[in-house]
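Undergrad: First the structure, then my questions, so here it is.
The values are calculated or read from the model by the stated rules, or taken from the named source; none is laboratory data. Note that this is a predicted model, so its numbers are computed, not measured. Cβ sites come from the backbone with ideal geometry, for glycine too, and all protein chains shown count toward neighbours.
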Amino acid sequence: MTSTLSEEASKALLAPFGVPFLPERVVADADAAVEAADAVGYPVVAKLSGDAIAHKTERGLVRLNLADADAVRTAATELLAAATPDDGDVSVLVAPMVKSNREFICGMSTDPQFGPTVLVGIGGILAEAIADVSIRLSPLTENDASEMLDELAMSDLLGEFRGEPAVDRTAMTTLLVALSKAAEADATIQSIDLNPVLVVDGKPVAVDALVEVAASEGASA
């Protein structure tokens, strides 16, 4: 049996290994959401977060490009009202709004035969349609990660693109190795999904994260 951690808990688990995230805050109510937005700087994104909430976009639990306090307060109120009893305890995650012309997907999954594997590919809403990915077994070296980037059919996206600087390859390989290190350090981790990973000023930033873990004995998934 497995269970999926909330976005907040997933990021807290991965950050110590070197996965890059935005400076964000998790709050309990609309007033606190406004305070969080004031702190991180407008515009912001607001999301409903909880252990039972995996697919926020499909449920309309994400509010983008909130430009002022009134917009944040309204969005947070609506998000909290949209929670269902099945969602359990929920909170509102407030983060800076960032945009990028390039989106990647990075992740880790446990193969029944070979064990942990690390993946990188073209991400965003077209990830499944394009299916441009590279996969390697863990443990992963920096050289392995660099070769994975070269194996992508659309590896040109790593260079200068639409006025944006080239992707910092060292930062991207470090992110992939971080996923491998997380899998090595914590055998309960069954999968990691970072989608999308945006390129902001040449640096990869994971704006969403979901970690699936093996449920402890007696726990319900």
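Undergrad: Looking at Gly41, Gly88, can you tell me which residue is surrounded by fewer than 21 Cβ atoms within 10 Å (Cβ to Cβ), touching a Pro at 6+ places or on another chain (Cβ under 8 Å) and of a type outside the set (Val, Ile, Thr)?
TA: Matching residue, one of Gly41, Gly88: Gly41.
Undergrad: Any idea how many residues of segment 162-189 are more than 17 Å from Ala15 (Cα to Cα), in contact with a strand residue (DSSP E or B) (Cβ under 8 Å, 6 or more places away or on another chain) and not in a loop (DSSP other than H, G, I, E, B)?
TA: So the answer is 1.
Undergrad: Related question: Which condition number in (1) at negative phi; (2) at pLDDT 95 or above is the one that Ala54 fails?
TA: The one condition Ala54 does not meet is (2).
Undergrad: Please state which one of Val92, Val118, Val98, Val167 is under 30 Å from Asp51 (Cβ atoms) and in contact with a Gly (Cβ under 9 Å, 6 or more places away or on another chain).
TA: Result: Val118 is the single residue among Val92, Val118, Val98, Val167 that is under 30 Å from Asp51 (Cβ atoms) and in contact with a Gly (Cβ under 9 Å, 6 or more places away or on another chain).
Undergrad: Which number in (1) under 30 Å from Leu158 (Cα atoms); (2) touching a Leu at 6+ places or on another chain (Cβ under 9 Å); (3) part of a strand (DSSP E or B) marks the one condition that Asn65 misses?
TA: The one condition Asn65 does not meet is (2).
Undergrad: Still on this structure, please answer the following. Just to verify a result, which residue in segment 159-170, among those that are closer than 22 Å to Lys181 by Cβ and touching a helix residue (DSSP H, G or I) at 6+ places or on another chain (Cβ under 7 Å), is surrounded by the most Cβ atoms within 10 Å (Cβ to Cβ)?
TA: Filtering first and then ranking leaves Val167.
Undergrad: Continuing with the same structure: Looking only at segment 57-85, which residues are touching a Lys or Arg at 6+ places or on another chain (Cβ under 7 Å) and surrounded by fewer than 18 Cβ atoms within 10 Å (Cβ to Cβ)?
TA: If the condition is that a residue be touching a Lys or Arg at 6+ places or on another chain (Cβ under 7 Å) and surrounded by fewer than 18 Cβ atoms within 10 Å (Cβ to Cβ), then Val62 is the only one that fits.
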